[in-house]
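To start, the structure under review is shown below, and the notes come after it.
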Amino acid sequence: DLDEEDYIPSFTIDSDSLDTSEETATIVNLSNLTTTQYTITKSGKYLFTGNYNGSIVVESCKEEKVHIILNGVNITPSNTSSLPAILFKKTTGKRIITVKENTTNTLKDGGKDFGEDFDEAVICSRRSSLTINGKGTLNLEGVASHSSGIKVKQELKIFNTNINITAKNNGIKADDLVYIKDANIIVDAINDGIKTSKDP
């Protein structure tokens, strides 16, 4: 049998996890984009505003930090797309999403079933851990038949944020760990509300 202590996660909360600052951020008005995918290939901070029928995809930046700040966005991929609204591809650096205080941000998937099982989420991090912070509101709607709200391959940490999730699969799934502090999370999901699948 396993003792209770076997289930206690071991990790650190560093300054990046709590960083909500906008200094040095590249500002992107999604309403001005003419393509259906905004690709991030360099490390740094990116502040997004506006409405977008497309996806934000972090393509590379291996072992580096990519910090996305959501400032009142509405993101829904095209209904012909099988991409999440935000996708962190096969990279292992620090990945942070800040939901700016006093803003409401609504993200959906396009409603089409996904080509790769692990991508079936509104926000997906294929390999790296993910931190979500900030005192704004994040509304996530998994429209596709197997879509979850958030899927993370490693650790998911959530600080302070207000998150509302509606999903056809799980609300939140992280393989290694889910840590939540001072956050308000409401989940309406067909399957599990919050799930982690790491073997003890």
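The values are calculated or read from the model by the stated rules, or taken from the named source; none is laboratory data. Keep in mind it's a predicted model, so treat the numbers as computed, not measured. Quick reminder, even Gly has a Cβ in these numbers, built from the backbone with ideal geometry, and neighbours come from all protein chains shown. When the accessible area is computed, the model is the full protein with side chains, heavy atoms only, and any ligands, DNA or RNA have been set aside. Shrake-Rupley method; radii C 1.70, N 1.55, O 1.52, S 1.80 Å.
Cβ separations smaller than 6 Å between residues 6+ apart or across chains give the following pairs from region 171-183 residues that are assigned to a strand (DSSP E or B) to residues that are among the basic types (K, R) and buried (at least 17 other Cβ atoms within 10 Å of the Cβ): K173/K151; K173/K195; Y179/K157.
From the list G110, G93, the lone residue that is over 15 Å from the mean Cα position of the chain (by Cα), closer than 21 Å to F48 by Cα and in contact (Cβ under 8 Å) with a residue 12 or more places away in the chain is G110.
The residue list I132, I40, I75, I56 contains one member that is in contact with a Cys (Cβ under 8 Å, 6 or more places away or on another chain) and free of Cβ contacts under 8 Å to residues at least 60 places away in the same chain, which is I40. Among (1) closer than 13 Å to L83 by Cα; (2) over 16 Å from the mean Cα position of the chain (by Cα); (3) among the small types (G, A, S), there is one condition A189 misses while meeting the rest; what is its number? Only one criterion in (1) closer than 13 Å to L83 by Cα; (2) over 16 Å from the mean Cα position of the chain (by Cα); (3) among the small types (G, A, S) is unmet by A189, namely (1). Filtering region 166-188 to residues that are surrounded by 24 or more Cβ atoms within 10 Å (Cβ to Cβ) and either touching a helix residue (DSSP H, G or I) at 6+ places or on another chain (Cβ under 8 Å) or closer than 21 Å to K135 by Cα (or both) leaves G171, I172. In the set K90, K108, K94, only one residue is in contact with a Lys or Arg (Cβ under 9 Å, 6 or more places away or on another chain) and over 19 Å from V178 (Cβ atoms); that residue is K90. Within region 101-159, being open to solvent by 10 Å² or more (accessible area, probe 1.4 Å), in a strand (DSSP E or B) and not hydroxyl-bearing (S, T, Y) holds for K108, N139, E141, K151, E155, K157. Do we find that V28 is in a strand (DSSP E or B) and within 15 Å of the chain's Cα centre (by Cα) in this structure? No, not satisfied.
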